[in-house]
Amino acid sequence: MRAETVIATHGNTDFDAFAAMLAARRLYPDGVACLAGSLNRNVREFYRLHADELELVDAARLELDAIRRLIVVETSHASRLGELEPVALDPAVEKIVFDHHAGDPPEWAGPEHAFVSDDGALTTTLVGILAEREIAVSPLEATAFALGIHEDTGSLTYPTSTQRDAEALAWCLRHGARQEALDEFLHSPLNADERELLGALLDELRPHELAGVEVLLAGVSWPKYVDGVSNLAHKVVDLTDTKALVLLVEMDGRVFCVTRSRTPELDAAAVAATLGGGGHTQAASAIFKGGLEEARRLLLDGLADAVREPLTAAQIMSSPARTVSPDENVARALVTCQRYGQSGILVVQDDRLVGVVGREDLDRAVAHGLSHAPVKGLMSTQAASCEEGAPIAELQRLLSAGSERVAVLRDDRVVGVVTRSDVLRALGQHAAPAERPGPMLIDELAQLERLQPVFEAVAAVSEPFEGVYLVGGTVRDILLGERSFDVDIAVEGDAIALAQALADVLGGRVRPHEKFGTAVVLYGRDERVDVVTARTEFYDAPAALPTVEHASIREDLFRRDFTINAMAVSLKGEDLGRLVDPFRGRRDLEAKTLRVLHNLSFIDDPTRIFRAIRYENRYGFRMDEHTLRLARGTIEMGLIGDLSSARLRDELVALLEEGEVEHSILRLAELGADHTIHPHLVADQETVEFLRRLTELRDRYGLAIPSWRLGLAALARRLPPDEVYDWLQRLKVRRRDAEAIAGAVTVGPRLVERLGEDAEPADVVALADPYAPDAPLFALALADLPPLHAYFERLRDVRLEVSGSDLAELGLAESPRVGEVLAELRRRKLNGELDGRDSELAAARELIAQ
């Protein structure tokens, strides 16, 4: 079978790899999805049931020499592609890799063609792209996607599971994923052979102690091939409740290795890597081409390298610890707790721990009129403590025993404190707090005099809300010293409630949008403030508007395009002017650098590439090397394609309206984006010069042609006539503008051919008027023809001084003849044969008499 584009994954294909192939096929509809190796038993059963609908191809059937592009999902190792390994290593073949396993991008694909996400399942990443690009899927595909996400996230129970995984599962259900299929294929019962092998593995389990973690290892040599060793690993973990497991099964001349880890101290992927495999930190596998004893020896020798040193109290503690002395009064201790949001505080004397007091006890003491009593009368002397080197497991034990905080000691002196938040954050289960206090932009805000009433009003009503921020391009422009009159406010809370309160203070009115949690405050003379809820977005269905979910300001900023647009300024009274810059946008502004926030940014929204070019042109910025590689990679992967959408039209219009656009046009060609917009588009130095002539001529003759229309005509000047209008329709350009551009490109060159230097003025007008002003201007830019200069200087404004009513008075009845006479009169006037009303009337009498 011949196929130029092939989509493949690793052997021993699990549901995540299988589903990722199906999702990639939607992104690359000309691609053939193939199977290069065996399928896990549950995947195989699912595929056999739906083989006719899924239409996958065995890799052995492919003509490898015909492959020109290889899309690889769920692995970065060419050696795991079976028959397709030589194709992956062939430098003449374009390779594109989607993976979610941490590690360096594969050399055989190139970093610009490798897209690695941090989602719990790769299917989640690809589903997100499908949703963003509004690509429809079938219920069967949605079911396969859901199986992939469930399997690779442990039904969202693995620590690597993300919010995006949950959102992707919901998307699958909305697209028809069948719940009964999820239950059937995720929980397959063991057959007789699997039960027998499971019993043998349980008998062979042996404990190994590593860095305080017990690892269970079992190795057996089995006389016949049994599928589903990974499924058996789940069963062993359930039966033993072990934190770490390694299974080795020798069969069919190979050793199948499966690793599981439920502790941060052991990396399952690193364990599998000792035998040439890979995977996640919690689950991984390998196929070793050797004997069982050799595999066991290599694995035991390499276990030490897979162990992570456990986190200690010194690494996660907050230091210095906030403390009070035993003689401090209750009121001041309570104020300290309130100021820092603490549920209690350590009591220390001469740097030595003497007790701990809870905020609840302090509250009660104040209620009983004991504000001035010393803390030592309330404190508990049974305060939990540990040394700096105490592992995180010991800290968890102390906190789970009832302690709110653990004092960290060095030589019996308090050097820090550990709370539940510290432990959760260390385990990756707690979001880092917003940056505080951060740089302050009070002076910069004060310079925006027109906006001072808004800032004052926001500060006055912001107290009930967790956070209120100025966001978007306004912050960028403030830091650049640019004029900006947009006011975009994001609130961590109810945006509509804030907008109503703001309107009350400003004497305006509110236009709310309940579905999106947004509102517009209208006040004064056409002034407005846009208020939104800090949010993340996820698309419910193709062509649907995004579903909005509340989020922190950091999450809201993370969904934006570039770091320079991912900053916010607090507008809350006590926090006014604090810059929130979690992605170092200010540094990039100073360095004049454009940087995306994550590797999938351009894939999520390819129009961001055009926006980047526009910012480069406007501010003199440049994309950093990584961002540039991602932009090129997205274009080369075909993810932009011939986008026929209003979004692309708007980005092109904005790009071509940016004044001097020489850089923008040449950058389109440098990235290869011109040919992705349309194969015959031309964005070269000649285009730049031609557009400059068009613009100069337009300005000289005062023509009302927008710059973007001239730009599209210049870019499209080599499109075949039958393609121009079709392309503009796909871009959803308004009919009037599309006809003007198409007329310029198709009629302009013909005007040059038909108009010589001695063309009569009347002939010039007759040819130019039907397509004016775009086509004659285009022709004049192509060739410096005096008749066309004359047309714009005076001919196009020539009008007769007589009318149809004058002809009626001369005795000419209403008929087509009226139009013929007026046309002949204008022809003579254009050619200089008539010079006023009297001569026009005389000529009219002559024509009527004929």
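The values are calculated or read from the model by the stated rules, or taken from the named source; none is laboratory data. Note that the structure is a prediction, hence the values are computed from the model and not measured. Please note: Cβ atoms are built from the backbone with ideal geometry, for glycine as well, and neighbour counts cover all protein chains shown. What goes into the accessible areas is simple: the full protein's heavy atoms, side chains included, and nothing from ligands, DNA or RNA. Shrake-Rupley method; radii C 1.70, N 1.55, O 1.52, S 1.80 Å.
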*helices (runs of 4 or more DSSP H) fully within the range 590-654 counting 2 or more residues that are of a type in the set (Gly, Ala, Ser)*: 625-636
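Being surrounded by fewer than 18 Cβ atoms within 10 Å (Cβ to Cβ), closer than 24 Å to Asp605 by Cα and not basic (Lys, Arg) narrows it down to one residue among Asp30, Asp65, Asp52; which is it?
Of the residues listed, the single one that is surrounded by fewer than 18 Cβ atoms within 10 Å (Cβ to Cβ), closer than 24 Å to Asp605 by Cα and not basic (Lys, Arg) is Asp30.
Residues being touching a residue at least 40 places away in the same chain (Cβ under 8 Å) and either open to solvent by 20 Å² or more (accessible area, probe 1.4 Å) or β-branched (Val, Ile, Thr) (or both): count how many of those fall in the range 155-166.
Here the count works out to 7.
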*asked:* Against the condition in a helix (DSSP H, G or I) and open to solvent by 20 Å² or more (accessible area, probe 1.4 Å), how does Glu107 come out, does it pass?
replied: no
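For the range 182-217, enumerate the residues that are in contact (Cβ under 8 Å) with a residue 60 or more places away in the chain and surrounded by 13 or more Cβ atoms within 10 Å (Cβ to Cβ).
Correct list: Phe185, Leu186, Ser188, His208, Leu210, Ala211, Val213, Val215, Leu217.
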*Do the conditions hold for Glu482, that is, is it over 19 Å from Ala457 (Cβ atoms) and modelled with pLDDT of 75 or more?*
yes
_Quick check on Arg750: is it closer than 20 Å to Trp708 by Cβ, under 49 Å from the mean Cα position of the chain (by Cα), in a helix (DSSP H, G or I) and not hydrophobic (A, V, I, L, M, F, W, C)?_
no
*Have a look at Leu399, Leu378 and point out the one that is without any contact (Cβ under 8 Å) to a residue 60 or more places away in the chain and within 15 Å of Val324 (Cα to Cα).*
Leu378
_Is it the case, given these coordinates, that Leu311 is within 30 Å of Leu398 (Cα to Cα), touching a helix residue (DSSP H, G or I) at 6+ places or on another chain (Cβ under 7 Å) and open to solvent by 40 Å² or more (accessible area, probe 1.4 Å)?_
yes
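Could you pull out every one of the strands (runs of 3 or more DSSP E) wholly within the range 327-387 that has 2 or more residues that are out of contact with any helix residue (DSSP H, G or I) (no Cβ under 8 Å at 6 or more places or on another chain)?
344-349, 352-358
With the range 1-81 as the region, which strands (runs of 3 or more DSSP E) entirely inside it contain at least 2 residues that are under 24 Å from the mean Cα position of the chain (by Cα)?
Here the list reads 69-73.
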*Could you please tell me which pairs satisfy a Cβ distance under 6 Å, a separation of 6+ or placement on different chains, a first residue in the range 52-71 that is in contact (Cβ under 8 Å) with a residue 24 or more places away in the chain, and a second residue that is basic (Lys, Arg) and open to solvent by 20 Å² or more (accessible area, probe 1.4 Å)?*
Glu63/Arg2; Ala66/Arg2
*asked:* Tell me yes or no: at least one residue of the range 433-448 is at pLDDT 85 or above and among the hydrophobic types (A, V, I, L, M, F, W, C).
replied: no
*In this structure, does Thr123 turn out to be among the polar types (S, T, N, Q), modelled with pLDDT of 90 or more and in a loop (DSSP other than H, G, I, E, B)?*
no
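Answer with yes or no whether Ala146 is among the hydrophobic types (A, V, I, L, M, F, W, C), touching a His at 6+ places or on another chain (Cβ under 6 Å), open to solvent by less than 20 Å² (accessible area, probe 1.4 Å) and modelled with pLDDT of 95 or more.
No, not satisfied.
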*For the range 258-288, name all the residues that are of a type in the set (Gly, Ala, Ser) and either crowded, with 22+ Cβ neighbours inside 10 Å or at pLDDT below 85 (or both).*
Ser261, Ala268, Ala269, Ala272, Gly277, Gly278, Gly279, Ala283, Ala284, Ser285, Ala286
*asked:* Any residue in the range 618-643 that is at pLDDT 80 or above sitting within a Cβ distance under 6 Å of a residue that is open to solvent by less than 30 Å² (accessible area, probe 1.4 Å) and aromatic (Phe, Trp, Tyr)? List the pairs, counting only those 6 or more apart or interchain.
replied: Phe621/Tyr615; Leu630/Phe602; Ala631/Phe602; Thr634/Phe602
*Can you work out which of the residues in the range 786-821 that are assigned to a helix (DSSP H, G or I), in contact with a helix residue (DSSP H, G or I) (Cβ under 7 Å, 6 or more places away or on another chain) and aliphatic (A, V, I, L, M) is modelled with the highest pLDDT?*
Leu788
*Scan of the range 35-56 for residues that are closer than 12 Å to Gly11 by Cα, modelled with pLDDT of 90 or more and among the small types (Gly, Ala, Ser), ordered by number*: none
*Which pairs have Cβ atoms under 9 Å, sit 6 or more apart or on different chains, and link a residue in the range 668-685 that is in contact (Cβ under 8 Å) with a residue 40 or more places away in the chain to one that is outside any loop (DSSP other than H, G, I, E, B) and of a type in the set (Gly, Ala, Ser)?*
Leu671/Ala631; Ala673/Ala631
_Selection within the range 211-254 - part of a strand (DSSP E or B) and farther than 14 Å from Leu197 by Cβ_ = Val213, Glu214, Val215, Leu216, Leu217, Ala244, Leu245, Val246, Arg254
*Give the residue that is surrounded by the most Cβ atoms within 10 Å (Cβ to Cβ), with candidates limited to residues of the range 613-653 that are small (Gly, Ala, Ser) and in contact with a helix residue (DSSP H, G or I) (Cβ under 6 Å, 6 or more places away or on another chain).*
Ala631
*Which of the residues that make up the range 780-826 are within 20 Å of Ile705 (Cβ to Cβ), open to solvent by 60 Å² or more (accessible area, probe 1.4 Å) and touching a residue at least 24 places away in the same chain (Cβ under 8 Å)?*
Leu782, Glu793, Arg796
